[in-house]
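The values are calculated or read from the model by the stated rules, or taken from the named source; none is laboratory data. Bear in mind that the values here come from a model prediction, so they are computed numbers and not experimental data. Cβ placement follows ideal geometry from the backbone for every residue including glycine, while neighbour counts extend to all protein chains displayed.
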Amino acid sequence: MGLLSGLIDQASVYLEGHNLWVVGPATFGVFVVLSVIINVLNQLLFKDPNQPPVVFHWFPFLGSTVVYGMEPYKFFNKCQEQYGDVFTFILLGRKMTVTLGPKGNEFVFNGKHADLCAEEAYTHLTTPVFGSGVVYDCPNHMLMEQKKFMKFGLTTETFKAYVPLIKDEIVNYFQTSPFFSGQSGKVPLSTAIPQLTLFTASRSLQGREVREALTTTHADLFHDLDMGFTPVNFMFPWLPLPHNAKRDRAQKAMAKLYLDIIARRKSGEESKKEIDMIWNLMNRSYKSGESLSDLHVAHCMIALLMAGQHTSMATTTWTLLHLAAKPEIQKALYDEQIKVFGKDLAPLTYEKLSELQMVNNVVKEILRIHPPLHSIMRKVKSPLHVPDTNFVIPTSHFVMAAPGVSAMDEKYFKNAKEFDPFRWVGHEADEDNAEKFDFGFGLVSKGTASPYLPFGAGRHRCIGEQFANVQLGTIISTLVREFEFSLPPGQKDVPLVDYNSMVALAMAPAMVHWKRRGGSNH
Ligand code: HEM
């Protein structure tokens, strides 16, 4: 269990290093027994019918941290059976009220900002990684404006330019990576795919200079910064641990990378200015008239890099694993390439990507079974009544939505556990028909009571969906043109989920075998 074991290991190292194990084992034992007794009596004797039921737990503070952290969906399903769609559990001392099902999704995603606040739920984790003044380290209305600025850099025009850049990065990766030499071989996706998604996202969204920096001295910086995104940091981001010191150094160095690019562009030193996200953010200003400071441009760029990297990397990895397990879906994807691009497989373009219905349905289905973010959190800011119940959630609680639970519920998806991209045929435009609202960064679905919300909804809805589709569509198309994949001999199914990270990853090494189709480079 990542959160807990990470915390205990690191706390032990710290305590030993500082000689702080001063409480004798007997005293500690008595203290633990007493606190367990008081905690259990408290749960049995003081039930408040106006508050959601509390998931039974033996230890105060620790509560259900271990069972939740090990397998969140198993925990949610078990609690749903026992307590219904609304219940509270203890996560390292925090009271988390979970609201499941489409109405529960709606309750959290569509909550008013005055009632539910994302900043207070996430800032401890994200601000040391992204940097100050942006995303969850500023008032919500500024985040809405920052999302609008970022969206200006996510347009049809930029996507058209990105497709060939992404494709070139992928082809270059196959040609240079030792995992893909020869006519057949095997590749540990948990090593290869993070590199592939980082290179493709940085070459397109982040711009040429960032991509070049990532191949040279800055590659390890990204890794150190990434280490700040460990679950233990949700609660204790300030602990003086080695990985946090590295995170802080890396944050400053990454920010400097962007600041240097901005300075070169401002001084006119750069002869050929690129129209990319940095350029876009440098030219935006808030409604107040104030423009984005250079530091905030740099921090927004780090936020974009980190937001897209984990989600795309997890989704690409799961896609390849499920394709390896189902050759008939690979065939359907390959046939679609021939149908749309002709038998000589003309180069990929943004316009043609949208015609690849099978690719889109594969991505949709992967995000149904493996949505990267399993828990969406908000801090409760004013007492909140849960519709159709007697429950009022007090301000000492956080709320949590888990749309992945309804996305895997038989009530909404027949044979829910089955990877079946064909289930989406005829449902392609469902979200387009949902109620829309502009929270300040363009029209988005308002938090429909939907069982399927991998990109969230409402004011915190993802702005990266289209970019993710372009990136994933290009990667899947290029891979399917070039290779056939299979699971290692004897392995019947895709690997289990590893919940040690912030996103639901496939258990390493996530090996697949590959075979080149015809030796051509499309
Ligand atoms: C927000 C999922 C890719 C940038 C979100 C949220 C979800 C999500 C569920 C809502 C979080 C919440 O309500 O607390 C995904 C998935 C992706 C993906 C499944 C890919 C498969 C990206 C990419 C970018 C990005 C590529 C950047 C280009 C953002 C931003 C937010 C967000 C800026 C807004 C955070 C907020 O307003 O609080 N994403 N995302 N995402 N995502 Fe994504």
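Observations on the model:
- The range 374-399, residues that are surrounded by fewer than 15 Cβ atoms within 10 Å (Cβ to Cβ) and of a type in the set (A, V, I, L, M): Val392
- Number of the condition not met by Ile329 [criteria: (1) crowded, with 20+ Cβ neighbours inside 10 Å; (2) away from the ligand (no atom under 13 Å from the Cβ); (3) within 26 Å of His113 (Cα to Cα)]: (3)
- The condition of being within 22 Å of Gly104 (Cα to Cα) and away from the ligand (no atom under 16 Å from the Cβ) holds for Glu435.
- Condition check for Ala114: small (Gly, Ala, Ser), away from the ligand (no atom under 14 Å from the Cβ) and touching a Lys or Arg at 6+ places or on another chain (Cβ under 7 Å): yes
- Residue check, Ile170 of a type outside the set (D, E, K, R), within 16 Å of the ligand (Cβ to nearest atom) and either closer than 30 Å to Pro489 by Cβ or in a helix (DSSP H, G or I) (or both): no
- One residue from Phe236, Phe229 being over 21 Å from Gln195 (Cα atoms), surrounded by 14 or more Cβ atoms within 10 Å (Cβ to Cβ) and among the aromatic types (Phe, Trp, Tyr): Phe236
- Enumerated helices (runs of 4 or more DSSP H) restricted to the range 221-339, each holding at least 1 residues that are among the aromatic types (Phe, Trp, Tyr) and out of contact with any strand residue (DSSP E or B) (no Cβ under 8 Å at 6 or more places or on another chain): 242-267, 277-282
- Qualifying positions in the range 294-308 - more than 8 Å from the ligand (Cβ to nearest atom), more than 17 Å from Met144 (Cβ to Cβ) and not aliphatic (A, V, I, L, M): Asp294
- Residues located in the range 468-478, provided they are more than 9 Å from Leu333 (Cβ to Cβ) and away from the ligand (no atom under 12 Å from the Cβ): Thr474, Thr478
- Taking the criterion of being within 12 Å of the ligand (Cβ to nearest atom), in contact (Cβ under 8 Å) with a residue 60 or more places away in the chain and over 16 Å from the mean Cα position of the chain (by Cα), the only residue of the range 399-423 that qualifies is Val399.
- Residue in the range 322-335 that is within 27 Å of Phe76 (Cα to Cα), at pLDDT 95 or above, of a type outside the set (A, V, I, L, M, F, W, C) and in contact with a helix residue (DSSP H, G or I) (Cβ under 8 Å, 6 or more places away or on another chain) present: yes
- Annotation note: Cβ proximity below 7 Å between a residue of the range 292-306 that is free of Cβ contacts under 8 Å to residues at least 40 places away in the same chain and under 24 Å from Thr200 (Cα atoms) and a residue that is assigned to a helix (DSSP H, G or I) and not aromatic (Phe, Trp, Tyr) (sequence gap 6+ or interchain) occurs for Val297/Ile262; Val297/Ile278; Val297/Leu281; Val297/Met282.
- Odd one out for Thr217, checked against (1) closer than 29 Å to Met507 by Cβ; (2) modelled with pLDDT under 85: (1)
- Candidates Thr158, Thr200 - the one that is under 19 Å from His223 (Cβ atoms), among the hydroxyl-bearing types (Ser, Thr, Tyr) and outside any strand (DSSP E or B): Thr200
- Just so you know, in the range 173-224 the residues that are within 17 Å of the chain's Cα centre (by Cα) and more than 16 Å from the ligand (Cβ to nearest atom) include one that is nearest to Val494 (Cα to Cα), and it is Ser190.
- Selected residue (only one of Glu355, Glu290, Glu269 is out of contact with any Gly (no Cβ under 9 Å at 6 or more places or on another chain) and closer than 14 Å to Ser477 by Cα): Glu355
- Residue that is farthest from Leu165 (Cα to Cα), among those in the range 232-290 that are modelled with pLDDT under 90 and among the hydroxyl-bearing types (Ser, Thr, Tyr): Ser267
- Qualifying residue in the range 501-511 (condition: outside any loop (DSSP other than H, G, I, E, B), under 22 Å from Glu336 (Cβ atoms) and out of contact with any His (no Cβ under 6 Å at 6 or more places or on another chain)): no
- Those residues of the range 310-355 which are within 14 Å of Val470 (Cα to Cα) and touching a Leu at 6+ places or on another chain (Cβ under 8 Å), in sequence order: Thr311, Ser312, Met313, Thr315, Thr316
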